[in-house]
Amino acid sequence: MKIIAEIGLNHCGSVERANNLVQELNKTSADTISFQIREKEFYDKTHPRKFPLPIAFYESIINQVHINKKELCIAIADSGMVNKLDNIGVDSWKTLSWDLENHHLHQILQDTRKPVYISTGISGIEEISRVSEKLDNIIFIHTQLNDSIENANLKAINTIRNNTNKPTAFGLHCDNHLLLYSSLAKFFINDTSGN
């Protein structure tokens, strides 16, 4: 089991804030720290989350993340940034739900030969299965898109895994962290069945 702590865009374009978040997460038992880099057009500076971090920031934290025995994951929407980030030692990638069938981006990520976490969003099992057939070294993420426990649909974890034969994770967007325990039951039940 791997725990990914997703900073996403919560740095609000501040290198100082981003560094502080990394320092705090380095003290935790999280296995991976994740940032999000959106498409270029997103960064119009009309909102604090629409300010990008410079590439130098990622270069500056990669060693400290690794020294703390953690990995760095980038949720990437800008395909032009992949090679730069790959060259500094990013360990894994994540794609956002609307890029599920973005074949151009997925091919670039596949070429890095690093694990790719794929958010499924509200996609149906047919779309997810199509993507699964074309890609290797991927982990699907069933993500709850709001904070309602009733909408978690944890059964989707096994549905995706059983239909694709690919590992399937759970992404929590809910303030009630007890939901994580319920999602873990899906993994342990599956492990004991030999799948």
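The values are calculated or read from the model by the stated rules, or taken from the named source; none is laboratory data. Just so you know, these numbers come straight off a predicted model, no measurement behind them. Because the Cβ atoms are built from the backbone with ideal geometry, glycine has one as well, and the counts that use them run over all protein chains shown.
Of note:
- Taking first residues from the stretch 29-58 that are in contact (Cβ under 8 Å) with a residue 24 or more places away in the chain and partners that are loosely packed, with under 15 Cβ neighbours inside 10 Å and of a type in the set (D, E), the Cβ contacts under 7 Å between residues at least 6 apart in sequence or on separate chains come to K50/D44.
- Scope the stretch 12-51; condition aliphatic (A, V, I, L, M) and more than 19 Å from the chain's Cα centre (by Cα); matching residues: V15
- Among the candidates I76, I33, I62, residue that is surrounded by 15 or more Cβ atoms within 10 Å (Cβ to Cβ), in contact with an Asp or Glu (Cβ under 8 Å, 6 or more places away or on another chain) and modelled with pLDDT of 95 or more: I33
- Residue selection: I3 fails the criterion of being aliphatic (A, V, I, L, M) and over 23 Å from A169 (Cα atoms).
- Residues of the stretch 138-156 that are modelled with pLDDT of 95 or more and out of contact with any His (no Cβ under 9 Å at 6 or more places or on another chain): I139, F140.
- Selected residue (criterion: nearest to V90 (Cα to Cα)) from residues of the stretch 59-76 that are in contact (Cβ under 8 Å) with a residue 24 or more places away in the chain and among the charged types (D, E, K, R): E71
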